[in-house]
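Values in this text are rule-based calculations from the coordinates and carry no lab data. This structure is a prediction, so every number in the text was calculated from the model and none was measured. For neighbour counting, all protein chains shown are included, and Cβ atoms are generated from backbone atoms with ideal geometry for every residue, glycine included.
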Amino acid sequence: MESDGFLQFQVTVTADRETDVNDILLEVPLRADAARYLMGMNRPGGFRPARHEWHWDRAKNQDSVWVGDVNAGLRLRLKGENYVRPLVNVYSSITRFCACRTCRRTSTKCMRPA
């Protein structure tokens, strides 16, 4: 574990014999007071629901989830053996970054008064 609490580990699932696998479940128990909010895996940030079901969709690059509170949290990132971090393009023609002192947000149009 690093000084900031970062911990990385790898889990490999193997079968002793040829096996068909339709689904794999990972349960991560957390204290309720340290898991008030949830963001990721097809959910926008907000209060953590009592139950969240998610199914992998290769087209969406949904490889991580964060659950936590102000003083504690857990980020889980799922990586296959051929994992490549998705490229984030915030400089596309659809959304460009406006750095003026009025907006300071990603916008297609500056919010600064004319």
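A few remarks follow.
- Net lengthening on full extension, residue 77/residue 47 (0.36 nm per residue, minus Cα-Cα): 8.8 nm
- Under the simplified labelling scheme, the residue 27-residue 56 pair shows an inter-label distance of 2.1 nm, with each label point 7 Å from Cα along Cα→Cβ.
- You can think of it this way: the chain between residue 34 and residue 14 has 4.0 nm of extra reach, that is 0.36 nm per residue less the Cα-Cα gap.
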